[in-house]
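Please treat every number below as a calculation from the coordinates, not as lab data. Just so we're clear, the structure is a prediction, and the values are computed from it rather than from any experiment. As a convention, Cβ positions derive from the backbone with ideal geometry for all residues, glycine included, and neighbour counts pool all protein chains shown.
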Amino acid sequence: MFTGIYADSAAIVIANALNNNPGVRVILCTGQAGTESAGLAIEKNFSDMELISTGYDLSPEIIRLIKNEHILFTIDQQPYMQCFYPVVQLSQYCRYGILPSNIEIVTSFVIKNMVG
């Protein structure tokens, strides 16, 4: 489902989807807006239910929602390593024929006992 980029309006979309699909117990989001939105939807409308929400990216709001147990965990993305550096490597390959290197990107999970 497309929720958009604004957390407050996206939380309404997620809440409506959860109301229309009461069997849903897990929400997996792919970015900051979705992760925040799912946590906000749970906080405002479903805090008494056992829903699991998780996603990608970090923000102060995501940290707050993890701390308050509305998001189980998030995976901190590394935009420089995942986006900028590959573009630099591609440009070096196109300009000079330099083959890209293999870059190991460490996954960083953020859970409740890590936020404070």
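Numerical summary
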read-out: For GLU69, net neighbour charge (Lys/Arg +1, Asp/Glu -1) across residues whose Cβ lies under 13 Å away; value: 0
read-out: Per-pair calculated FRET efficiency, R0 = 22 Å: ASN113 and LYS44 via Cβ, rounded to 0.05; value: 0.35
read-out: Pairwise label distance in nanometres, TYR96 with VAL26, each label 7 Å out on the Cα-Cβ vector; value: 4.5
read-out: Extension gain, PHE2 back to ILE75 (0.36 nm per residue minus Cα-Cα distance, nm); value: 24.3 nm
read-out: Degrees separating the helix 85-96 axis from the principal Cα axis of the chain, which is the longest one; value: 20
read-out: Taking the chain and dividing mean pair separation by its residue count, relative contact order in percent (alpha carbons under 8 Å, at least six apart); value: 21
read-out: Net charge of Cβ neighbours under 14 Å - reference TYR6; Lys, Arg +1; Asp, Glu -1; value: -3
read-out: Theoretical gain in end-to-end length, ASN16 to PHE84 [0.36 nm per residue, Cα-Cα removed]; value: 20.9 nm
read-out: Net charge contributed by nearby residues that have their C-beta within less than 12 Å of MET114 (K/R +1, D/E -1); value: +1
